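All remarks here apply to the structure that follows.
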Amino acid sequence: MDPVSQLASAGTFRALKEPLAFLRALELLFAIFAFSTCGGYSGGLRLSVDCANKTESDLSIDVAFAYPFRLHQVTFEVPTCEGKERQKVSLIGDSSSSAEFFVTVAVFAFLYSLAATVVYIFFQNKYRENNRGPLIDFIVTVVFSFLWLVGSSAWAKGLSDVKVATDPKEVLLLMSACKQPSNKCTAVHSPVMSSLNTSVVFGFLNFILWAGNIWFVFKETGWHSSSQRYLSDPMEKHSSSYNQGGYNQDSYGSSSGYNQQASLGPSSDEFGQQSAAPASFTNQM
């Protein structure tokens, strides 16, 4: 039997059924989707310039762009419709900072999730041996939750700028030939942004996963156990004092009832005196 089968048969992968390891595995998977859909993107658009002089027309102008979306560095040439002279045009905008930050967060989140999942599965006893491992895990989880929120929000804004800058209608406005009514400029093909939209969705899903996992990691720390002890100690004290007071009250009630019953009944001395009186009266008769 191979080592993987032995570990599986021994129940090593049982940790994946627990919320802590299961959420880490989901974070690993979603991080892959996040940086692959954004970092692996390449797209483009196609324009057409139909000049009044047909010999100067260019009906297939391709403009390609890709990650990290330094659009101001994307240049292409278009006809001016004024002879053979051509105009060099560049796109507007630079969304590289938000895109690179988003991908960097996704890559590091993937690496940490992979390492944490391995620790949960194969080194769970050492992880829970002292409080250092859960505390580090808790702090890193909080930090990545914040980074996912910031990175996803920044990239959502950056993607909005990319869509505006690569809109064929906006690009046509940059061409001098398209400002002349005698020339006809049209957008042949618009860029496909579906994968970039998906990357933003996975970014916020990662934030939800990491933020939700904070509670499960917190339960592994000593802070959670100490707070549980702090809450249980006052309850135990209150319960013990209540039981002690009830016991004293019962004993007091039983003793008082006994004394009351003894006082209600006649004593033996009184009973003897009452019975002796008729006997002496008989003797006198």
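Would you call residue 173 modelled with pLDDT under 95 and open to solvent by 60 Å² or more (accessible area, probe 1.4 Å)?
Considered against the rule, which asks whether it is modelled with pLDDT under 95 and open to solvent by 60 Å² or more (accessible area, probe 1.4 Å), residue 173 comes out as yes.
Give the residues of the stretch 125-179 that are closer than 30 Å to residue 72 by Cβ and hydroxyl-bearing (Ser, Thr, Tyr), sorted by residue number.
Across the stretch 125-179, the qualifying residues are 152, 153, 160, 166, 176.
Can you pull out the residues in the stretch 76-86 that are open to solvent by 90 Å² or more (accessible area, probe 1.4 Å) and assigned to a strand (DSSP E or B)?
77, 86
Working only within the stretch 119-174, note down all residues that are part of a loop (DSSP other than H, G, I, E, B), under 20 Å from residue 18 (Cα atoms) and out of contact with any Pro (no Cβ under 8 Å at 6 or more places or on another chain).
123, 129, 130, 131
Take residue 169 and decide whether it is over 20 Å from residue 56 (Cβ atoms) and over 29 Å from the mean Cα position of the chain (by Cα).
Considered against the rule, which asks whether it is over 20 Å from residue 56 (Cβ atoms) and over 29 Å from the mean Cα position of the chain (by Cα), residue 169 comes out as yes.
Pairs please, first residue from the stretch 76-100 and in contact (Cβ under 8 Å) with a residue 12 or more places away in the chain and at positive phi, second anywhere and of a type outside the set (S, T, N, Q) and loosely packed, with under 14 Cβ neighbours inside 10 Å, Cβ atoms under 7 Å, 6+ apart in sequence or on different chains.
Listed by first residue and then by second, the contacts come to 81/52; 93/72.
Has the stretch 88-99 got at least one residue that is open to solvent by 90 Å² or more (accessible area, probe 1.4 Å), more than 29 Å from the chain's Cα centre (by Cα), charged (D, E, K, R) and at pLDDT below 95?
Within the stretch 88-99 (the criterion being open to solvent by 90 Å² or more (accessible area, probe 1.4 Å), more than 29 Å from the chain's Cα centre (by Cα), charged (D, E, K, R) and at pLDDT below 95), the answer is yes, since at least one residue qualifies.
Tell me which residues, restricted to the stretch 178-196, are open to solvent by 80 Å² or more (accessible area, probe 1.4 Å), within 16 Å of residue 58 (Cβ to Cβ) and of a type in the set (A, V, I, L, M).
Residue satisfying the conditions is 188 alone.
Could you please give the count of residues in the stretch 109-157 that are of a type in the set (Gly, Ala, Ser) and under 13 Å from the mean Cα position of the chain (by Cα)?
Of the residues in the stretch 109-157, 4 are of a type in the set (Gly, Ala, Ser) and under 13 Å from the mean Cα position of the chain (by Cα).
Let me confirm something: among 106, 116, 52, which residue is outside any helix (DSSP H, G or I) and surrounded by 13 or more Cβ atoms within 10 Å (Cβ to Cβ)?
On inspection, the qualifying residue turns out to be 52.
Taking the stretch 55-75 on its own, how many of its residues are out of contact with any helix residue (DSSP H, G or I) (no Cβ under 8 Å at 6 or more places or on another chain), buried (at least 17 other Cβ atoms within 10 Å of the Cβ) and under 30 Å from residue 158 (Cβ atoms)?
Qualifying residue count for the region: 2.
The values are calculated or read from the model by the stated rules, or taken from the named source; none is laboratory data. Treat the numbers as computed from the prediction; the structure is a model and nothing was measured. Don't worry about glycine lacking a Cβ; one is built from the backbone with ideal geometry, like all the others, and counts go over all protein chains shown. Quick note on the areas: whole protein, heavy atoms, side chains included, nothing else; ligands and nucleic acids left out. Shrake-Rupley method; radii C 1.70, N 1.55, O 1.52, S 1.80 Å.
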